[in-house]
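A.B. asks: Take a look at this one; I'll ask things after.
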Amino acid sequence: MFSRVLRSFLSPEDLTLAETNELLDIALELKRNPLRYDLAGKTLASVYFNPSLRTRTSFDVAMYQLGGATTTLNVGDNTWNLEYRDDVVMDGACAEHIREAARVISRYAQAIAVRAFPKYTEKWEDNRQEPIHKGFVRESSVPIINLESSLHHPCQGLADILTIREKIGKPAKEPIVISWGWHVNPLPMAVTNSVLLEVAKAGMEVRLAHPEGWELDQDIMASARSLATSAGGSVKVYNELDAALPGARAIYFKSWGSIINSGAPDVERGAALAHQRHWQLTLDHMKRMDRGLFMHCLPVRRGVEVMADVLDSPYSAVIDQAENRLHVQKALLLAMLLPPRPDPSSPNYNI
Ligand code: CP
């Protein structure tokens with residue numbers, strides 16, 4: 001059982017390194033013994049503003065294997081379009097405000113999980129505010145789990161640090177490359193941010209590779225550097241993928257949208273991308289690493305970000321990463337929905 005009740009899980013920074021390791025130990029125990037009934041009678045309400053395969057399925061199965069249940073609300077599909085802005089007259093597409101929705105769901109479910117990430121059609125300064133997640137945190141009376149927002153995908157980060165621990169070891173002191181990849185669409189940077197924060201927290205030597213113009217959010221970079229320094233690791237930025245590869249033990253490849261082009265017309269974003277097509281991961285890149293492990297959160301477009309022979313190679317950990325979503329999320333759900341372990345030093349221990 002986890003040592004404290006986790007009230008919400010929005011970012012990797014909601015857990016210390018010691019707490020992350022504690023949660024991963026519980027996840028590994030659940031991987032060995034999957035079925036428990038501690039959450040019998042409890043329900044997770046999952047609210048999706050965007051599609052999902054892994055997140056949705058792994059949370060549904062996680063609750064089922066713990067004896068509980070999930071109810072899923074697809075915004076604008078099997079439930080109302082939800083408004084999140086304050087002080088608007090709701091005479092458009094949205095039939096309900098999250099102010100009522102979050103309060104009502106809190107009366108039915110013991111936790112609420114929310115996925116809402118942007119399409120880079122607005123300015124980054126607006127997107128990075130994460131108004132939908134903040135609205136659910138403000139209005140709900142039950143814990144909130146972030147299933148992916150503008151800035152964070154913390155459940156993916158947890159699964160990935162567990163995969164690194166299993167495949168490379170703990171503590172993993174060998175260098176890891178986190179690299180941008182070419183893509184036809186501007187994708188969220190939430191996965192990159194959460195993986196970066198987790199590996200920095202673990203004290204790894206992190207090499208962040210991306211073309212100029214695809215810099216991460218400054219606050220995320222500052223947090224990553226601070227976490228790395230505290231744990232004896234480092235974060236260095238490379239603007240050429242080839243320069244980051246020598247001696248690296250793993251590469252996490254992931255496309256994300258450019259902050260400086262967020263809100264720009266499609267034609268401008270397309271022109272910027274056209275020059276970066278060489279940022280595609282090939283088998284030749286993998287062969288240049290030292291026993292390289294290939295990681296990606298999925299979904300991935302074969303032949304776009306990553307060549308098919310990399311995905312099908314023995315280097316690839318992508319299916320194991322996806323499986324680990326299930327195990328870490330079960331540990332997380334227990335940490336949020338079960339009472340904490342009694343502290344024998346507490347004066348109330350025997351009461
Ligand atoms: N990695 C991940 O979150 O996958 P889905 O978008 O399919 O949930």
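A.B. asks: If I build a Gaussian network model for the chain, linking alpha-carbon pairs within less than 10 angstrom, which residue out of ARG225, ARG138, ARG32 has the largest mean-square fluctuation?
C.D. replies: Highest fluctuation of the listed residues: ARG32.
A.B. asks: Rounded to the nearest 0.05, what FRET efficiency do MET90 and GLU212 give with R0 = 45 Å and r taken as the Cβ-Cβ distance? Could you check?
C.D. replies: 0.60
A.B. asks: Then there's this: Going by how many other beta carbons lie within 10 Å of each one, how would you line up THR163, THR57, fewest first? Walk me through the numbers before you get to the answer.
C.D. replies: Details: THR163 22, THR57 13.
Taking fewest neighbouring Cβ atoms as first place, the list is THR57, THR163.
A.B. asks: Let me ask something else. Lysine pairs in segment 1-143 with alpha-carbon atoms under 30 Å apart, 8 or more places apart or on different chains: how many are there? Show your work: numbers first, answer last.
C.D. replies: Values: LYS31/LYS42; LYS42/LYS134; LYS119/LYS134; LYS123/LYS134.
The result is 4.
A.B. asks: Take TYR108, project a point 7 Å from its Cα along the Cβ direction, then tell me which residues of segment 11-52 have their backbone nitrogen under 18 Å from it.
C.D. replies: The answer is 41-50, whose backbone nitrogens lie closer than 18 Å to the label point.
A.B. asks: Hey, rough spin-label estimate for ALA40 and ARG291, points 7 angstrom out along Cα→Cβ, what's it come to in nanometres?
C.D. replies: 4.5 nm
A.B. asks: Over segment 155-322, calculate the relative contact order: mean separation of alpha carbon pairs under 8 Å at least 6 apart, over the residue count, as a percent.
C.D. replies: Working: 312 pairs, mean separation 44.9, N = 168.
Dividing the mean separation by the residue count of segment 155-322 yields 27 percent.
A.B. asks: Quick one: if the Förster radius is 30 Å, what FRET efficiency do ALA222 and ASP242 give, using the C-beta to C-beta distance and rounding to 0.05? Display every interim value, and only then the final one.
C.D. replies: Working: r = 27 Å, r/R0 = 0.91.
Efficiency at R0 = 30 Å is approximately 0.65.
A.B. asks: What FRET efficiency would be calculated for the residue pair GLU323, ALA272, taking the C-beta separation as r and a Förster radius of 51 Å, to the nearest 0.05? Don't jump to the answer; show the numbers that get you there.
C.D. replies: Values: r = 36 Å, r/R0 = 0.70.
After rounding to 0.05, the efficiency reads 0.90.
A.B. asks: For segment 293-316 and segment 1-78, what is the centre-to-centre distance using only Cα atoms, to the nearest Å?
C.D. replies: Between the Cα centres of segment 293-316 and segment 1-78 lies a distance of 26 Å.
A.B. asks: Please list, or write none, the aspartates and glutamates whose alpha carbon is within less than 14 Å of the alpha carbon of LYS330, excluding same-chain residues fewer than 8 places away.
C.D. replies: Within the straight-line cut-off, LYS330 pairs with GLU22, ASP25, GLU29, ASP38, ASP60.
A.B. asks: Check the straight Cα-Cα distances from LYS173 and name the aspartates and glutamates below 16 Å, setting aside those fewer than 8 residues away within the same chain.
C.D. replies: ASP160, GLU198, GLU205, ASP290
A.B. asks: Which ordering of LEU245, LEU53, LEU73, LEU28 is given by a fewest-first count of other beta-carbon atoms within 10 Å?
C.D. replies: Working: LEU245 22, LEU53 10, LEU73 19, LEU28 16.
The fewest-first ordering by Cβ neighbours comes to LEU53, LEU28, LEU73, LEU245.
A.B. asks: In what sequence do VAL306, VAL237 fall when counting other Cβ within 10 Å, fewest first? All intermediate terms of the calculation are to be shown ahead of the outcome.
C.D. replies: Numbers: VAL306 24, VAL237 13.
Result, fewest neighbours first: VAL237, VAL306.
A.B. asks: At a threshold of 8 angstrom on Cα-Cα distance, excluding pairs fewer than six apart, so keeping six or more, what relative contact order does the chain reach in percent? Numbers along the way, then the final one.
C.D. replies: Numbers: 686 pairs, mean separation 75.9, N = 351.
Across the chain, relative contact order equals 22 percent.
A.B. asks: Moving to a separate point now. Obtain the nm distance between the two label points defined at ALA69 and VAL184 by a simple spin-label model: each point lies 7 Å from its Cα along the Cα-to-C-beta direction.
C.D. replies: Placing both labels 7 Å along Cα→Cβ, they lie 4.0 nm apart.
A.B. asks: Run the simple label-point estimate for SER234 and ASP25 please: 7 Å along Cα→C-beta, distance reported in nm.
C.D. replies: 3.1 nm
A.B. asks: Give me the extension gain from ARG32 to ARG7: residue separation times 0.36 nm, minus the current Cα-Cα distance, reported in nm with one decimal. All intermediate terms of the calculation are to be shown ahead of the outcome.
C.D. replies: Details: separation 25, 0.36 × 25 = 9.00 nm, distance 2.64 nm.
Here the answer is 6.4 nm.
Quick note: the coordinates plus some simple rules give every number you see, no bench work behind them. These numbers come from a predicted model, not from an experiment. Heads up, the Cβs are rebuilt from the backbone with ideal geometry, glycines too, and the neighbour counts pull from every protein chain shown.
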